[in-house]
1. Considering only the other residues whose Cβ falls under 13 Å of the Cβ of residue 68, what net charge follows from Lys and Arg at +1 and Asp and Glu at -1?
2. If each residue of separation counts as 0.36 nm, what is the full-extension length gain between residue 3 and residue 27 once their alpha-carbon separation is subtracted?
Amino acid sequence: MAAGLLEEELRQAAAILDPVPHDLRQLAVEAFALRDLDARIAELTFDSLVDAIPVRGATDTPRMLTFQAGELTVDIEVTGDGLMGQVLPPQPARIEVLAGPRRRGPALTADERGRFTGDAPPGGPFALRLRAGAEVVVTEWLRA
């Protein structure tokens, strides 16, 4: 019983002397809201910044990304003007661009061939959440 009292007194002292900053608490709540227990994580399997062979004289080349989750592949091209991509195997899908705990802008729609386009992703970290049929896939977080 004494250990329980001591722990409670230490908890109260820490709350008074070293409280958790409001911004950090808010980030923790928002991060928890991001969880999607049914979603599979799509692994980044290709990134042109890392995996491509540089071309001499080429400037302002688009960034090419490939994500894989089981049989589902998502190819994305990111430029300063926007992004375009394709879901493979081709199928309609709804794509949300996530920037922090909330999605950024309206959801994108992939057509029956799996193709989609959208505005440029944010400068900070972003991820994509795809809903194709009953399947939900979330890409790894990265910077544009």
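Every number in this text was worked out from the coordinates using simple rules, so none of it is lab data. Keep in mind it's a predicted model, so treat the numbers as computed, not measured. No Cβ is skipped: glycine too gets one built from the backbone with ideal geometry, and neighbour counts run over all protein chains shown.
1. Values: positive: 40; negative: 43, 47, 71, 75, 140.
Taking every Cβ under 13 Å from that of residue 68, the sum is -4.
2. On the way: separation 24, 0.36 × 24 = 8.64 nm, distance 3.14 nm.
Full extension from residue 3 to residue 27 adds 5.5 nm.
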